[in-house]
Each structure stands twice: as structure tokens, then as C-alpha cells.
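The structure appears below as C-alpha cells.
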Amino acid sequence: MSTEASALASKEFEPPVEPISKVGVIGGGTMGSGIAEVCARVGLDTVVVEVDDDAVEAARKTIENSLKKAVSRNKLPAATRDLAMSCVSFSTDMGDLADCDLAIEAVIESLEEKLSVFRAMDKVLAPNAILATNTSSIPVITLGSVTSRSDMVLGMHFFNPAPVQPLVELVRSLNTTSDTMERVDRFAVEVLGKRVIRCRDRAGFVVNRLLIPYLLDAIRMFDEGKVSAADIDSGMMYGCGHPMGPLTLCDLIGLDTVEAVADVLYEEFKGSHNAPPPLLRRMVAAGHLGRKTGRGFYEYD
Ligand code: 3HC
């Protein structure tokens, strides 16, 4: 057989890549609703599962507002906004994930919460469905190990705001197969239009391991009281071309999330640069979590 013929023949016998046509997102907070929006914008059947009707309403509003903003900024045709809203559905019943090909967990950064979601997803989803976590810091293997399919569990870490930031970190645990990685890599790039980097299953992956110490340093500098929040932020925006300064970014991410990721980084790698500073601890204790509570380093309406 000629080289060309054998290449064609081997292509014929290549197992077809199983398409991902229905996606479940568990948790409709900032990240979960952003991820659901990304999927619905490309016409995928997308179901968001939340704990109660109020949380469902909040998730629906977040998606609607983001799509509205995208249309008003001429980033999205109105027809795509309508398509997205028609593709996304909401539920308080995990059972509605049964026919999903991929489920992405995006609940709060609490090990207990995430473990219980993974146990539930494993029971409900078909055996060939992939389970992903949007965790910023919890080991993927820890979540995979409470399921019957840790070979089909991986990290799919989106960035805030998910409809705007192109990156997805794909995190492979010691048990994740290459087939699972390949299937999700192709899905993220070819279907969602994202840019992918592959990471080891280590706290903070690539981006947070670099970003969080920088944010913590900005909080320490602010706490020393010699430079204002606005000047720290302006420094990095106008000196380094960042779209927003570190304290504004902390408010966007949520100070509770910054603290949770820092705790995990410190536990895994130690190093004073990973240790959450006292001011961050106090602000979280006070409920000043940033944009989502209306107050962080700045105030919001
Ligand atoms: N859909 C589409 N486009 C949108 C949009 C939406 N929902 N919201 C905003 N945009 C576009 C705007 O049209 C604008 O585009 P342009 O520059 O081409 O005109 C751009 O985004 C900026 O918009 P605004 O000026 O209105 O500013 P916003 O406050 O709305 O948003 C930002 C700005 C997109 C958040 C930008 O400041 C940014 O990229 N900041 C950095 C965010 C970042 O670093 N995220 C990563 C956080 S780390 C993380 O998530 C990991 C976690 O594990 C901790």
C-alpha cells in the first residue's frame, strides 16, 4: 500500500471523536454563569443546576445582563444573544444532567462542596460522560477519586469574566487519560473558540500560581498605608499595560476566592509570598468580598 493509501486507511479506522453536544454546569455564580454563557453562545444545549429558585433567578439575570452588555458594546449580534438564551436552561435537580456529555462543576472553592457535587454527578451522568471542575486550586485527583471514572475527570479552569477571557487551563490528573484530554481540548478550541494551555495537577496551575502572589503583594503594599489603592492600580495599568490594577482585580475575582486560592498555594508550596495577608483575612471576615457584595477595596452600586 502506498504511504498515502495507508494514511487514508488508518484515518478510516480512527475512532470517531465523540461529540460534546450537551453541557451541564453545576453552580450558577460568577464563574458558573459565565461558563454556561460561553457554551450557550455557540448554540450548545446547556443546563445550569443551582440549589434553589433564588439562585436560579440570579444565574439567569447574570447571563442576561452579560449578553445585554455584549450586544450594547457591539461584541455580539442580537441574534446570538437570543440563540444563547434559547439554548440555556436552569434547574434545581441534578437529575437533569443525565444526558449531558460533559458536566462542569463551578461551585464555591470548598473541598466538601466539590466532593459532594462530584459524587452526585458520577451517579447521575452516563458512564461515557466527562466530568470537569473549574476549581482554581483543589487537586483534580482528589475530586476524581470520589467518582467511578477518575480517568474521565479533568480540570477546565476558565477566567473571569469567562465570556471575555480567551484562556482555559486544562488540568490533567495522574489518572486522566489522553483521550479525555484530547476530547476536551478539541471541544474547548474548536467548539468554544477558547485558547488552551495544559497544566499539571498542582495548586494554582499556571496562572494563579503567578497571579495570586502578585495580588497578595499589592494588598500588603496597600496595608502599609503609604500608597493609595488608586495609585497602586494606576501603576500597573499605566506602567505595565494591565487592563485593571491588582486591587480592582481582587474585587472582581472576589476576596474570598483570592483567600481560598492563597490558602491552598501556601499549604502546597509554603513561601511567605503565598500567605494571605491579615488585611485580606479581615476583609473576608467582614464580608467585604468585592464587586459581588458591593464593597471591597472600592465601593460598587
Ligand atoms: N461580553 C463581551 N465583551 C465584553 C463583556 C461581555 N459580557 N464585558 C466586557 N466586554 C468587553 C468590552 O466590550 C470591552 O471591549 P473593548 O476593550 O474591545 O472595547 C472590554 O471587554 C472591556 O470592557 P469595559 O471597559 O466595560 O470593562 P469591564 O469592567 O466591563 O470589563 C475586563 C473589563 C474585561 C474585566 C478587563 O478589565 C479585564 O480583562 N480585566 C482583567 C481580568 C482578569 O485578569 N481576569 C482573570 C482573573 S483570575 C481568574 O479568573 C482565575 C480565578 O481562579 C481566580
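The values are calculated or read from the model by the stated rules, or taken from the named source; none is laboratory data. Since the model is a prediction, treat every value here as computed from it, not as a measurement. All Cβ positions, glycine included, derive from the backbone under ideal geometry; neighbour counts span all protein chains shown. Keep in mind that these areas ignore ligands, DNA and RNA; they rest on the heavy atoms of the full protein, side chains included. Shrake-Rupley method; radii C 1.70, N 1.55, O 1.52, S 1.80 Å.
Just a few scattered comments:
- The chain - percent of accessible surface contributed by carbon and sulfur, probe 1.4 Å: 53 percent
- Annotation for Glu267 and Leu252: the two label points, set 7 Å from Cα along the Cα-Cβ direction, are 2.8 nm apart.
- Modelled label positions at Lys123 and Ala285, each set 7 Å beyond Cα in the direction of Cβ, lie 3.8 nm from each other.
- The chain, accessible area per residue, ligands and nucleic acids excluded (1.4 Å, Å²): 49 Å²
- Cα-Cα separations in the stretch 22-200 greater than 29 Å, expressed as whole percent: 13 percent
- Relative intensity, log₁₀ I(q)/I(0), of the stretch 208-291 from a Debye sum that treats every alpha carbon as a point, q = 0.21 Å⁻¹: -0.97
- Each peptide in 267-273, 245-251, 214-220 gets a packing score, the mean of other Cβ atoms within 10 Å over its residues, and the list from highest to lowest is 245-251, 214-220, 267-273.
- Segment Ser110-Asp82, extension gain: residue separation times 0.36 nm, minus the distance between their alpha carbons: 6.7 nm
- Based on C-alpha pairs under 8 angstrom that are at least 6 apart in sequence, the stretch 208-291 has a relative contact order of 35 percent.
- Value at 222 nm in deg cm²/dmol, rounded to 500, when DSSP H runs of n ≥ 4 in the chain each add -39,500 (n - 2.57): -14500 deg cm²/dmol
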